[in-house]
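Working notes, beginning with the structure itself.
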Amino acid sequence: MCANYRPSSPEALAAFPLPPPDFAYAEAYPGSIVPIVTNFAPRLWVPARFGLIPAWARDTKIARSTYNARAETVDEKPSFRQAWQRGQLCIIPAEALHEPCYESGRAVRWRVERIDGKPMGIAGIWERRLHGDGRPSWSMAMLTINADDEPLFQRFHKPGDEKRAVVILPDEAWGDWLRCKSASAAAALLQPFDGTALQAEADPR
């Protein structure tokens, strides 16, 4: 699970063959506006709300509970199934993930990041609405998988709770993810990331 992360900086995203984001953003929580790249507009970083807003939702408050989508049920849940079935896939670039660690007996915020400092490309799904003036409004959810047996991510969240991790795509799979032509092809890419390429440490506020 991930409810707090730091999006990759515009400087880090300048390494990609895309125009840099032309909007401001900061550390992200559900409801925040963050950059993503979608298979609808694969040559642009678009501003998306952290938390998927399905077409039937009346307002943006639903983003507080739709920021993570479980890979096991993404094709069933009313909030996510339309985006998944339509193949609306995106990549969410992250400099660091923040997760609670209870090993000390209380929740301590930890930071997870790549050892090489490169952006983590998190697999996600997106929705897009058009306002009356034709202006688009984007939203997204991060896809998560079970992490009970993952040495790093099993350290986070409350004791006794199922351990979950967002899907971090290998660098060579970014293009494959955006080019997926079926739900089964996308599901095949929802795999654990190489934990030896990540580092984590306490990062209390």
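The values are calculated or read from the model by the stated rules, or taken from the named source; none is laboratory data. The structure displayed is predicted, hence computed values, not measured ones. In this analysis, Cβ positions are derived from the backbone assuming ideal geometry, glycine residues included, and neighbour counts consider all displayed protein chains. We work out accessible area using only protein heavy atoms, side chains counted, and drop any ligands, DNA or RNA first. Shrake-Rupley method; radii C 1.70, N 1.55, O 1.52, S 1.80 Å.
Values computed for the structure shown
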quantity	calculated
Residues (closer than 15 Å to Asp161 by Cβ, of a type in the set (D, E, K, R) and open to solvent by less than 40 Å² (accessible area, probe 1.4 Å)) located in the range 93-114	Glu99
Residue in the range 127-152 that is nearest to the chain's Cα centre (by Cα), counting only those that are surrounded by 10 or more Cβ atoms within 10 Å (Cβ to Cβ) and of a type in the set (Gly, Ala, Ser)	Ala141
Only listed residue being touching a strand residue (DSSP E or B) at 6+ places or on another chain (Cβ under 9 Å), open to solvent by less than 30 Å² (accessible area, probe 1.4 Å), within 23 Å of Asp203 (Cα to Cα) and in contact (Cβ under 8 Å) with a residue 60 or more places away in the chain, chosen from Tyr5, Tyr67	Tyr5
Contacts under 7 angstrom Cβ, first residue in the range 102-117 being under 16 Å from Gln154 (Cα atoms), partner among the acidic types (Asp, Glu), 6 or more apart	Arg109/Asp203; Trp110/Glu99; Trp110/Glu201; Trp110/Asp203; Arg111/Glu201; Arg111/Asp203; Val112/Glu99; Glu113/Glu95
Test: residue in the range 31-48 that is more than 21 Å from Trp177 (Cα to Cα) and open to solvent by 40 Å² or more (accessible area, probe 1.4 Å)	yes
The listed residue being modelled with pLDDT of 95 or more and outside any loop (DSSP other than H, G, I, E, B), out of Ile91, Ile53	Ile91
Matching strands (runs of 3 or more DSSP E) fully within the range 102-151 where at least 3 residues are more than 28 Å from Ala41 (Cβ to Cβ)	108-114
Total residues in the range 150-202, condition among the hydrophobic types (A, V, I, L, M, F, W, C) and in contact with a helix residue (DSSP H, G or I) (Cβ under 6 Å, 6 or more places away or on another chain)	5
